[in-house]
Amino acid sequence: MFPINVYVQLCGLLNCISVPFSEHILLFLLQMKIWQLPSVLLLLISSVISHPHNLFEYNELSEYVDSHQEEYVQTLRDWVAVESDSSDVLKRPDCHRMMDMTAEKLRAMGGKVELVDIGVQELPNGQTVDLPKVVTAQFGSDPSKQTVCVYGHVDVQPAKLEDGWATDPYNLTDIDGNLYGRGASDNKAPVLAWIHTVEAYQDLPVNVKFIIEGMEETGSNGLDAMIMAQRDSFLSDVDYILISDCGWLSRRPALTYGTRGNCYFFAEVEGPKQDLHSGVYGGTVIEPMTDLIGILDTLISPSGKILIPGIREAVAPLSDEEWKMYQDIEFDIESYKSKIGVSQLMYNNKVDLLAHRWRYPTVTVHGIEGAFSAPGTKTVIPAKVIAKFSIRQVPNMDPAVVKKQVTDYLNSVFAKRKSPNKLKVTMVIGAKPWLADTKHPLYEAGKAAVKRDLIREGGTIPIAKTFEDVTGKSIIMLPIGGFDDGLHSQNEKMSRYNYIEGTKLFIAYLHEVGIKGVGNERGLVLTF
Ligand SMILES: CC(C)C[C@H](NC(=O)CN)C(=O)O
């Protein structure tokens, strides 16, 4: 009648959350054709059946979400259409518009909304430009209820059709159930999923606050100060901070307990007063690009060893327990390779791969401004080139220390070249890593419920550590993005399924948090 592995999975699942195994529950699950659904829904349903009095309400809300699916997709389309690229100051008006649209959406739902002015951004040329305002919103203020604060961002990474996108990055395009568009997964759909969650509830089981920003993709400029300023006001009654700005590791849902930080550098080498003909001047001029490539090549060895003194020494050692955790995670190296289209990786075993993806630092050279990069040939000696590279940093590294280590090292390497050109190194982002205490009851219980998908994230959420340090509250990261969403890359997408089922997941999550008489720890984990 139904596959035996489903039965086993079901028994395991129900046992793991101590649900009394009655015949009618099984019948219900089978009617739901549960074996055809991914485990996210399995867990969701298990959560609901663990509190049968909630079932009716959950079903109602779930139907509400299904019946509003097209509307949700259209809202995402409207949001994706705004080129809110925070890294390009020319797109700043779009960023402002995006914040206004976000505020408007929350206001229309009856929230108490504010657009908080967080000041200006200083540009490398000394000019200033307004930072996008931060949207705060509040739904409910019942002191007898939990208060959660959802953080997210609505700015995006740059994207152009000519980068190799199959569709216009700013025209959300549905192909086979995948919604392609810049920012679809990072982070517009997850933010909207939280908004739809609040909208779906007639009577919210918890008070919900939002902090939505528009500068995350460039290091959350101005947000630290705002969080500190609002610690004793907007944030004073918040019990947990929820972030859904990351992805799963595989097809299985996950809880994320750590993110790496990011120290982003510009290294500028300036030589002649203007670009020169390489045939006329080549051989007589000490070229800035040669100097730049030379010093960049000293940052990291071909086998991935960071060569900047002091960096590797600062990294927290890998404990046996951590090693065991990585060992237990389901992760298929071959499918990882085929997903990203490479024939060889830096490491051949799962533990080393996961550890270097999540908990060791790495150096990436992102690009060189001023270099000739258009198609075709141009025989030029660029007069000034600016390399952009970043170091994903981890506990116990400190951005201020990294800044000094990198600057001193590059200056010393450059000095050895005895070049007449000028080197200027600046750190433009200094975002800290974040790591939750996995001994915290939330995560202890989460490990039991989620089994192997307690993961870390190689990317950065710049404000995470500040949130925790300033408010003293725990952060729970609940990703709904797929492992293959192509964040920051060509053809970024969010699957319709994850968007819609993710919304239902958030609904069930708030439901759990709001259940009276259920400890937070238990309520939180059962959903996942
Ligand atoms: C500091 C970075 C630019 C932040 C960025 N964050 C995310 O992608 C999270 N959605 C990153 O590159 O990690």
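In the set Gly183, Gly126, Gly119, only one residue is within 16 Å of the ligand (Cβ to nearest atom), closer than 21 Å to Ser86 by Cα and small (Gly, Ala, Ser); that residue is Gly183. Can Tyr72 be described as of a type in the set (Phe, Trp, Tyr) and either in a strand (DSSP E or B) or surrounded by fewer than 18 Cβ atoms within 10 Å (Cβ to Cβ) (or both)? So Tyr72 fails the test.
Criterion first (of a type outside the set (A, V, I, L, M), modelled with pLDDT of 95 or more and within 28 Å of Ser87 (Cα to Cα)) does Tyr281 satisfy it? Judged against the criteria, Tyr281 is not a match.
One residue stands out among those in segment 236-251 that are assigned to a loop (DSSP other than H, G, I, E, B) and among the hydroxyl-bearing types (Ser, Thr, Tyr): the one that is nearest to the ligand (Cβ to nearest atom), which is Ser244. Pairing each residue of segment 319-348 that is farther than 22 Å from Ile300 by Cα with any residue that is among the acidic types (Asp, Glu), provided the two are 6+ apart or on different chains, yields C-beta distances under 6 Å for Lys339/Asp484. If we keep just the residues of segment 374-396 that are within 16 Å of the ligand (Cβ to nearest atom) and open to solvent by less than 20 Å² (accessible area, probe 1.4 Å), which is nearest to Ile293 (Cα to Cα)? Looking at the filtered set, the residue picked out is Phe389. Before we move on, is Ala400 more than 20 Å from Lys384 (Cα to Cα) and open to solvent by less than 40 Å² (accessible area, probe 1.4 Å)? Here the answer is no, as Ala400 does not meet what is asked. Consider segment 358-373 and keep the residues that are touching a residue at least 24 places away in the same chain (Cβ under 8 Å) and hydrophobic (A, V, I, L, M, F, W, C). The one that is most open to solvent (accessible area, probe 1.4 Å) is Val365.
Yes/no per residue for (1) modelled with pLDDT of 95 or more; (2) more than 28 Å from Lys493 (Cβ to Cβ); (3) of a type in the set (Lys, Arg):
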site: Lys160; (1), (2), (3): yes, no, yes
site: Trp165; (1), (2), (3): yes, no, no
site: Tyr180; (1), (2), (3): yes, no, no
site: Glu199; (1), (2), (3): yes, no, no
site: Met226; (1), (2), (3): yes, yes, no
site: Asp245; (1), (2), (3): yes, no, no
site: Leu249; (1), (2), (3): no, no, no
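For segment 241-261, the set of residues classified as open to solvent by 20 Å² or more (accessible area, probe 1.4 Å) and either more than 16 Å from the chain's Cα centre (by Cα) or small (Gly, Ala, Ser) (or both) consists of Ser250, Arg251, Arg252, listed by residue number. If you check Ser278, Ser303, Ser233, Ser335 for being open to solvent by 40 Å² or more (accessible area, probe 1.4 Å), under 30 Å from Asp155 (Cα atoms) and away from the ligand (no atom under 16 Å from the Cβ), only one passes: Ser233. Within segment 252-265, the set of residues being in a strand (DSSP E or B) and within 14 Å of the ligand (Cβ to nearest atom) comprises Thr256, Gly258, Thr259, Gly261, Asn262, Cys263, Tyr264, Phe265. If I filter segment 212-230 down to residues being more than 18 Å from the chain's Cα centre (by Cα) and open to solvent by 20 Å² or more (accessible area, probe 1.4 Å), which single residue comes out as nearest to the ligand (Cβ to nearest atom)? That would be Gly222.
One residue alone among Ser412, Ser419 is at pLDDT 95 or above, closer than 30 Å to Pro272 by Cα and loosely packed, with under 15 Cβ neighbours inside 10 Å, and that residue is Ser412.
In segment 489-500, the qualifying residues are those that are surrounded by 24 or more Cβ atoms within 10 Å (Cβ to Cβ) and within 14 Å of the ligand (Cβ to nearest atom), and the one that is nearest to Thr256 (Cα to Cα) is Met494. Filtering segment 194-211 to residues that are among the hydrophobic types (A, V, I, L, M, F, W, C) and away from the ligand (no atom under 16 Å from the Cβ) leaves Ile195, Val198, Ala200, Leu204, Val206, Val208, Phe210.
Cβ-Cβ contacts under 9 Å between residues 6 or more apart (or on different chains), taken from a first residue in segment 229-251 that is without any contact (Cβ under 8 Å) to a residue 12 or more places away in the chain to a second residue that is in a helix (DSSP H, G or I) and crowded, with 19+ Cβ neighbours inside 10 Å, are listed as Ser236/Thr471. Those strands (runs of 3 or more DSSP E) of segment 107-192 in which at least 2 residues are surrounded by 22 or more Cβ atoms within 10 Å (Cβ to Cβ), considering only elements entirely within it, cover 134-139, 147-153, 178-180.
In segment 471-488, the residue that is surrounded by the fewest Cβ atoms within 10 Å (Cβ to Cβ) out of those that are within 12 Å of the ligand (Cβ to nearest atom) and outside any loop (DSSP other than H, G, I, E, B) is Met477.
Lys403 passes every criterion in (1) in contact (Cβ under 8 Å) with a residue 24 or more places away in the chain; (2) more than 16 Å from the ligand (Cβ to nearest atom); (3) under 22 Å from Pro433 (Cα atoms) apart from (2).
Output the number of the condition that Ala200 fails; it satisfies all remaining conditions of (1) of a type outside the set (D, E, K, R); (2) open to solvent by less than 10 Å² (accessible area, probe 1.4 Å); (3) within 30 Å of Ser335 (Cα to Cα). Ala200 satisfies every listed condition except (3).
The values are calculated or read from the model by the stated rules, or taken from the named source; none is laboratory data. Remember, it's a predicted structure, so these values are computed and weren't measured experimentally. Cβ coordinates were reconstructed from backbone atoms using ideal geometry, including for glycine residues, and neighbour counts include every protein chain displayed. Ligands, DNA and RNA are excluded from the accessible area calculation, which covers all protein heavy atoms including side chains. Shrake-Rupley method; radii C 1.70, N 1.55, O 1.52, S 1.80 Å.
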